[in-house]
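Every read-out reported here was derived from the displayed coordinates using simple, explicitly stated rules and does not represent laboratory data. Note that this is a predicted model, so its numbers are computed, not measured. Note that we place each Cβ from the backbone using ideal geometry, even for glycine, and neighbour counts take in every protein chain shown.
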Amino acid sequence: QQKVQQSPESLSVPEGGMASLNCTSSDRNFQYFWWYRQHSGEGPKALMSIFSDGDKKEGRFTAHLNKASLHVSLHIRDSQPSDSALYFCAVSENSNNRIFFGDGTQLVVKP
Amino acid sequence: EAAVTQSPRSKVAVTGGKVTLSCHQTNNHDYMYWYRQDTGHGLRLIHYSYVADSTEKGDIPDGYKASRPSQENFSLILELASLSQTAVYFCASSGTGKDTQYFGPGTRLLVL
């Protein structure tokens, strides 16, 4: 059973626009959330982590976590063509020693 | 930033042959992982390790073996490569099981 569901599968936004990515986990034990980004031909790289309810902002990127609904989102404002990549949501729980990844959202930012 | 290297970066193997993929990290991390990624899809965990000389099965371990001879090195072994094992393989490391993972650049494996 997939631990993490991401939506949409793919997303296209114009340069300068806002991109919104969603992630929902299936297990209430998951307490730790990450967003990873993978550019074509490279390994994934952690973008940001969020462990508490509410918003976390890093530059143009804002993550929002709602543990009650097991939902985390990532919002990218002023999207740039360099933001075009595959974005993964990842979750973990206290008692586990691994991270579970979603299947990813493919983001394309068109100039 | 944490450094994880993989070798080879690409490999062509024949069906039924043995393939060994290597991973080296210089981050002093206890945890290391092997993932498989099929074109345009997510990451699937094959094996992982949290201490030298010990490995654990992930979600898709069948057809793969792993070896962790030291804290820095983690290998993935395909004893009898099959066509279905054509994929990109990523190694990663982290300080603990709940920490951010640092990925290598990947190994592109083609089995013919």
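Here are the numbers for the structure shown:
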read-out	value
Whole-Hz couplings from phi, Karplus 6.51/-1.76/1.60, listed for the stretch B:53-70; x for Gly and Pro	6, 9, 9, 10, 7, x, 8, 10, x, 4, x, 10, 10, 10, 9, 10, x, 8
Karplus-derived 3J(HN,Hα), 6.51/-1.76/1.60, for each residue of the stretch A:24-30, Hz, glycine and proline x	10, 9, 9, 10, 5, 6, 5
The stretch B:8-104: GluC sites (Glu not before Pro) in DSSP loop, at most 12 other beta carbons within 10 Å	B:E79
For the stretch B:18-27, Karplus couplings with θ = phi - 60° (6.51, -1.76, 1.60), whole Hz, Gly/Pro x	9, 10, 10, 10, 10, 9, 9, 10, 10, 9
Amide proton proximity set for A:Y32, modelled H, under 5 Å, gap of 5+	A:S92
For the stretch B:1-65 and the stretch A:1-66, distance of Cα centres in Å	24 Å
Residue-count net charge about A:L70 - beta-carbon cut-off 10 Å; Lys, Arg +1, Asp, Glu -1	+1
Considering only chain B, percent of DSSP beta bridges that pair antiparallel, nearest 5	90 percent
Sequence-distant residues sharing a close amide H with B:D59 (under 5 Å, placed H)	B:L45, B:I46
25 Å Cα-Cα reach of B:K11 towards lysines, excluding residues that sit fewer than 8 places from it in its own chain	A:K45, B:K57, B:K65
Translational diffusion coefficient (Stokes-Einstein; Kirkwood radius from C-alpha pairs) of the protein assembly as shown at 10 °C, 1.306 mPa s, in µm²/s	88 µm²/s
Cleavage-rule hits (chymotrypsin sites (Phe, Trp or Tyr not before Pro)) in the stretch A:41-106: DSSP loop, at most 15 neighbouring Cβ within 10 angstrom	A:F51
Overall form of the stretch A:53-109 per C-alpha gyration tensor (a/c, 1.5; a/b vs b/c)	oblate
Radius 12 Å from Cβ of A:N97, net charge of other residues (Lys, Arg +1; Asp, Glu -1)	-2
Ranking of A:M18, A:M48, B:M32 by count of other Cβ atoms within 10 Å, fewest first	A:M18, A:M48, B:M32
